[in-house]
Amino acid sequence: MSGIQVLGKNPARWFVESVRHFGFGQTLVIMWSVVADMGFDFRYGTETTRRIPKEQIATDSENIVHCVNYGASKSMPFKQLMLRLKLPKDATFVDLGSGKGRALMLASRYGFRKVIGVEFSGDLCTRARDNMKTFFTKCPSPSVVEIIESDVTRYKFKDDETVFFMLDPFDAPVLTEVLSNIRKSVERRPRTVWLIYSVPRERHIIEQSGLFTQSQFHVVVGAEFQVYSNASIGRA
């Protein structure tokens, strides 16, 4: 579909559906969030907003057939979710399918000790690294950031990685392998872990895995997140 879109829809259609679902006041807040996202790159000098169809994502991985279109995480919902969850800042945050790196920037602003992006497209990794350099000149952070070019199914989870994030990056076959690898890591090094699933289209795969004992659904400024953990995840 050509022309201006809001969250992937015609603006008028989106507005009517949002008012019906969230009410007029909340819709205005969501509209402000959309405006903030449109200005994110202008503010920090980065390039994260432009969506990329999966057909245009350059990678040698056979799992390209299981990925979805690239889209950036929404800054206001992400920030408010972090404040709501109160996750430990000494944790390591891992974005699975990190794209151009906006979630990595937002995680560094939250103050995680270490922030890791795992992305199977070399081109997107290069863009993400350039974005992080530019971002840090305007928004310094003590977080250690690393961007790793790897298919997520081949990524070896480390013992200190505890907060995993996904913005609907892939479908069931890849998600199943990722969950299996997280399970192996936790069995090898028992620890409390969280999985934050933005736009949780395949949530049933996670729930069927039995990996997590806690699950909470959050709607934050119109954005949907399913948050899982093998321990208490704090206040709703």
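Values computed for the structure shown
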{"read-out": "Among (1) at pLDDT 95 or above; (2) part of a strand (DSSP E or B); (3) in contact with a helix residue (DSSP H, G or I) (Cβ under 9 Å, 6 or more places away or on another chain), the one test that residue 162 misses", "value": "(3)"}
{"read-out": "Failed criterion for residue 79 (all others in (1) in a loop (DSSP other than H, G, I, E, B); (2) under 22 Å from residue 47 (Cα atoms); (3) not hydrophobic (A, V, I, L, M, F, W, C) hold)", "value": "(1)"}
{"read-out": "In the range 174-207, the residues that are assigned to a helix (DSSP H, G or I) and among the hydrophobic types (A, V, I, L, M, F, W, C)", "value": "174, 175, 178, 179, 182, 186, 205, 206"}
{"read-out": "Scope the range 74-120; condition among the polar types (S, T, N, Q) and surrounded by fewer than 24 Cβ atoms within 10 Å (Cβ to Cβ); matching residues", "value": "75, 80, 92, 108"}
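The values are calculated or read from the model by the stated rules, or taken from the named source; none is laboratory data. Small disclaimer: the values here were computed from a predicted structure and weren't measured. Please note: Cβ atoms are built from the backbone with ideal geometry, for glycine as well, and neighbour counts cover all protein chains shown.
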